[in-house]
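See structure below.
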Amino acid sequence: MDQRLRRRLQNLRRHGRWIIGGTLLCMLAAFIISHARPKIYAATTYLLVGESKISATSPNPFEYSLLPTYVPLVDSDALIAQALHQFHLGEAPYHLTLHRFRAKGYLDVQVLKSTRLVEIDVQFPDAQLAANLANYIARSAVELNEQANMLETTTAQKFLKDRLDQAAARLAEVEASRLALQKRAQIENKETQLEILLDEKTQVSKQIESLQLALPQDDSTVKSLEQSLSKEPQTLQLKKSVTSDRFLEREAERLGANNTDGLSETEEILNATHGELRRKLADSAAQVAGEREAIGAATGRLPQVNRQINDLLAEVTELRSEIARSNQDFKLAGDAYESASRDYRNASVTVTSRSQDLRQVAPALIPEQPVGLGALLNAILVGMLGLVLLSGAALGLESLLEMQSESFHIAAEEESESVAAHKVLT
């Protein structure tokens, strides 16, 4: 056996009574303290965080990262203060305040890994109170989450109601503006006027075209009649024999005229052909003059019709554009009102589908056994620890004494060597 180990064992044997005595004393103290301390009972319950309705069919890993946000909801000072007031823990014998409750670590809230469960663990000296506290905090957290969801629903409904009212007011404003524009525009009357003007333009254009085609022919007719008239005498001389008249012939016979060939008379009469030509010429000239006047009037009217058509067409186009914009605004306002109305009707469902519910599962039961080790086991563990510490202390003390002894012997030897050397020198 090694010399140093043997020496250490001898040192432990020499201090054995003190070591054993100290170990027994530690065990006794641990046993007494374990019996004197109040027993702690643990009650555990769980909250299940429901999945969002809109993502229930498509799991999103991001939702698991949001689960720790429910820990402050459960482990909140407000819920703890309510629980202390509910169970009168601020009175005797506990006299707990929020700070003392936190300091003693009675409540532990955590999210179980890879689950939707929030664990609520309450450790308290009273088993009944431990279970009651755990269940009360769980139920209060569920109610608080429901109130938050209800508040969110109410807020969303109010926001959507204001949006619906604004959309309704906008729709009424646009509709009134649209009706006023339609009354002011009278687009049907203006379109009718435009059609009338377009028809008039067509008729005037056709009239000018037909007159311009007929005028050269009528001019040619007038010239032809003028030439014919110039060649036709205005009067005709008619030589008439008396024998052509029975009365004259009898009178001549009575007078005894034997030769009646020389008895004749000359008579001038108007030329009917000349008169007819003059009448036709007058008619043709009047017709030509009328055609020229009609062409002038139609030619002067056509620019006016064109200007009226252009002005009316520009006005109708502008009115149609305004009406189209008004109709588009009315359609957009109607769509906005319909969308706002639909969102308002579905506000509760929409908010509920986005929210996540809390539900208590596995309510806490009254614990039957306290947590922690028993008094005897605590005494044994403390005894083992005391034995190790006291043995180490004894070995450390002996090592310190050996080091001091060795230092003393070395100093004595050095002193004796110095004295011997001095004697030699003298």
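The values are calculated or read from the model by the stated rules, or taken from the named source; none is laboratory data. What you see is a predicted model, and the numbers here were worked out from it, not measured in a lab. Cβ atoms come from the backbone with ideal geometry, glycine included; neighbour counts cover every protein chain shown.
From the list A289, A285, A272, exactly one residue is of a type in the set (G, A, S), modelled with pLDDT under 85 and surrounded by 16 or more Cβ atoms within 10 Å (Cβ to Cβ). Which is it?
Sole residue among the options that is of a type in the set (G, A, S), modelled with pLDDT under 85 and surrounded by 16 or more Cβ atoms within 10 Å (Cβ to Cβ): A285.
Taking V109 and the conditions (1) of a type outside the set (F, W, Y); (2) more than 13 Å from Y46 (Cα to Cα); (3) out of contact with any Lys or Arg (no Cβ under 8 Å at 6 or more places or on another chain), which numbered condition does it fall short on, given that it satisfies the others?
So the condition that V109 fails would be (2).
Quick check: is even one residue across segment 123-140 touching a Gly at 6+ places or on another chain (Cβ under 9 Å), closer than 18 Å to D75 by Cβ and of a type outside the set (K, R)?
Yes.
With segment 56-161 as the region, which helices (runs of 4 or more DSSP H) entirely inside it contain at least 3 residues that are at pLDDT below 90?
In segment 56-161, the matching helices (runs of 4 or more DSSP H) lie at 62-66, 70-74.
Go through segment 1-54 and count every residue that is within 30 Å of Q110 (Cα to Cα), basic (K, R) and at pLDDT 70 or above.
Residues in segment 1-54 being within 30 Å of Q110 (Cα to Cα), basic (K, R) and at pLDDT 70 or above: 1 in total.
Given E200, E209, which one is in contact (Cβ under 8 Å) with a residue 24 or more places away in the chain, in a helix (DSSP H, G or I) and charged (D, E, K, R)?
Answer to the selection: E200.
State all residues of segment 136-169 that are closer than 30 Å to V122 by Cβ and among the small types (G, A, S); if no residue qualifies, say none.
Result: A138, S140, A141, A148.
For segment 153-195, what are the residues that are under 27 Å from the mean Cα position of the chain (by Cα), of a type outside the set (K, R) and surrounded by 15 or more Cβ atoms within 10 Å (Cβ to Cβ)?
Those that are under 27 Å from the mean Cα position of the chain (by Cα), of a type outside the set (K, R) and surrounded by 15 or more Cβ atoms within 10 Å (Cβ to Cβ): T153, A156, Q157, L160, L164, A167, A168, L171, V174, E175.
Can you tell me how many residues within segment 201-240 are in contact with a helix residue (DSSP H, G or I) (Cβ under 9 Å, 6 or more places away or on another chain), at pLDDT below 70 and of a type in the set (S, T, N, Q)?
Here the count works out to 2.
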